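These notes concern the structure reproduced below.
The values are calculated or read from the model by the stated rules, or taken from the named source; none is laboratory data. Only a predicted model underlies this, so the values are computations on that prediction, with no experimental measurement involved. Glycine gets a Cβ as well: all are built from the backbone with ideal geometry, and neighbour counts include every protein chain shown. What goes into the accessible areas is simple: the full protein's heavy atoms, side chains included, and nothing from ligands, DNA or RNA. Shrake-Rupley method; radii C 1.70, N 1.55, O 1.52, S 1.80 Å.
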Amino acid sequence: MAKKNGSISYKCSNCGYSQPRWLGRCPECGEWNSLEEIILDKNAVSPAGRGNVLVEKQKPVNLETVEAQNNSRLFTGIDEFDRVLGGGAAIRSAILLGGEPGIGKSTLLLQTAAKTISKLNNDSTVLYISGEESLGQIKERANRLGINCNGIQLLSTSRLEDSLDALDSLKPTLVIIDSIQTIYSAEAGVIPGTINQLKYCANEFISWVKERDSVLIMTAHVTKEGAIAGPKSLEHMVDTVISFEKNNDDIRFLHAQKNRFGSVDELGIFSMSEKGLECVADPASLFLTRRTTSQPAGVCCTPVFEGSRVFLVEIQALTVPAKASISRVYSEKIDSGRVARIAAVLEKRCGIVFSDQDIYINVAGGVRLEESSIDAALAVALYSARTDLALNNDFAVFGELSLAGEIRPVNKAKQRIKAANSLGFCNVVCPEKEGIFVSTIKDIIKTVFSK
């Protein structure tokens, strides 16, 4: 069928001459047995253009003969961003950045463009494509942030074809698309943001970057639940998916939901100021509440690991009589199922009743906690709230709680204890001998509420 349509050609591997029929000798350079089968692919992307491209027919090769490629990285110059990316953006990678409107995605990317171009040579270019803002609006933001715009090329358009023409002519080292939902192509319809448009346009950008030593960053809208809008396949197409979140203050959190070239455990922390986003240099005590008086009931501090760093966070609990016949758990930053499980263990092993209580759980600073080391601290906070007994300010607790009421060890315990001690928590209750050793939930309750 392919030959009937005339979609197969033969190309000389020596000089590049092509013709529709195979010959033993190339008519152009005279080389023997150099004509190889080539397919005319309408969907292919070439360095010079798109569509109707002669593509070499691929054949399987032995894995042992393949040379490993070291993933060289492009450093953005923003430490917290590079940390989340795994030490910089991998060359020929596609990054998807999602966040709610107004959180600072455009600010972050404009700062990234300026920092990146300052670290590249004079021949390198950064292309910023905006389908949401005009050139004047972007320039106004750059002036407000005090950004050096030299080397940053701006393109305000929603047409995919205009963007690809700019890519072919400029060949930028860093490509920023803000946002992918605003880009459309006549090949996939005229309405931006549809599923076909997202997949088609994203595939064109990703295909362009994969053939060159460039990095692609695309921003994406999110739903009310915080998930990236559009088909899930868009997340499968890219190499890295990053979520941009914020708490009630001016703190922004950057973490990877998917990363083919690094860890997904790192957390980037920024503060928003008049000069844009600034990296938080020492975030260990960022989530602790500063108090001049004694600690209230229902509060317990615990050290948690986010990637390679330890943070001290404050878990807050409140219990009130249930307003209906069925008690409920209200918890956003800690999974409500975990809260219900910890309450059930306390009720069974310590004899304190939660079945007639509504439970409210909060984490100071707005950070989301998922690791198992917070179980013991959550149990102490719940017990403190239920009994109205407060902990001393110098207590910190960590450990995993089993259904049998046992406190199980967690990883990197020594680093947790050291970080807690450095911030004034001289009594660290945990299943390790370096701290105040406990083995059951009853031991913890007796230790922290000894008075």
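Annotations for the structure displayed:
- Using alpha-carbon coordinates, inclination of helix 105-119 to the longest axis of the chain, degrees: 60 degrees
- Solvent-accessible area of His236 with every protein chain in place, 1.4 Å probe, in Å² to the nearest 10: 120 Å²
- Part-to-part distance (alpha-carbon centres) for the range 169-189 and the range 372-420, which is given in Å: 49 Å
- The chain - Cys residues lacking any other Cys C-beta under 4.7 Å: Cys149, Cys201, Cys279, Cys300, Cys301, Cys350, Cys426, Cys430
- Among Ser422, Phe354, Ser285 the positive-end extreme of the charge dipole of the chain (Cβ point charges): Phe354
- Rounded to the nearest 20 debye, dipole of the range 252-366 from Cβ charges on Lys, Arg, Asp, Glu: 200 debye
- Test item: Cα-centred dipole of the range 307-451, Lys/Arg +1 and Asp/Glu -1 on Cβ, debye: 180 debye
- Accessible surface of the chain, 1.4 Å probe, proportion on carbon and sulfur as whole %: 47 percent
- Dipole magnitude of the chain, debye to nearest 20 (Cβ charges: Lys/Arg +1, Asp/Glu -1, about Cα centre): 600 debye
- Per residue value of the accessible surface for the chain (all protein chains in place, 1.4 Å probe), Å²: 50 Å²
- Among the listed pairs Lys115/Lys224; Lys323/Lys348; Lys171/Lys232, a Cα-Cα separation exceeding 25 Å is found for Lys115/Lys224; Lys171/Lys232.
- Scattering from the range 252-360 was approximated by placing one identical point on each alpha carbon and applying the Debye formula without solvent; log10 I(q)/I(0) at 0.24 1/Å stands at -1.32.
- Using all pairs of distinct alpha-carbon atoms, the Kirkwood hydrodynamic radius of the range 296-350 works out to 13.4 angstrom.
- Full extension of the chain segment joining Glu211 with Ala344 gains 42.3 nm, where the gain is 0.36 nm per residue of separation less the Cα-Cα distance.
- Using alpha-carbon coordinates, inclination of helix 336-350 to the longest axis of the chain, degrees: 30 degrees
- In degrees, nearest ten, helix 375-387 long axis to first principal axis of the chain (Cα): 40 degrees
- Selected from Phe398, Asn247, Gln58, residue furthest toward positive end of dipole (the chain; charges at beta carbon): Phe398
- Cα gyration tensor, the range 100-184 - rounded (a/c under 1.5), prolate or oblate: oblate
- Sparse-neighbour loop sites [trypsin sites (Lys or Arg not before Pro); the range 205-256; at most 14 other C-beta within 10 Å; DSSP]: Lys224, Lys232
- The range 117-156: C-alpha gyration tensor shape, a/c 1.5 cut-off, then a/b vs b/c: oblate
- Hydrodynamic radius of the range 266-319 per Kirkwood, over alpha carbon pairs, in Å: 13.1 Å
- Overall form of the range 174-231 per C-alpha gyration tensor (a/c, 1.5; a/b vs b/c): oblate
- Under 5 Å from the amide H of Arg92 lie the amide H atoms of Ser214, Val215, each residue being 5 or more positions distant or on a separate chain, with H modelled from the backbone and absent for Pro and chain starts.
- Loop sites in the range 278-344: GluC sites (Glu not before Pro), DSSP, at most 15 other Cβ within 10 Å: Glu332
- Antiparallel content of DSSP bridges confined to the chain, in %, to 5: 60 percent
- Rounded to 5, the percent of DSSP beta bridges in the range 320-445 classed as antiparallel: 40 percent
- Considering only Ile95, Ala343, Gly131, and ranking their Cα positions along the charge dipole of the chain that arises from unit charges at the beta-carbon of Lys, Arg, Asp and Glu, the one farthest toward the positive end is Ala343.
- Descending Cα extents along the principal axes, the chain, whole Å: 96, 52, 45
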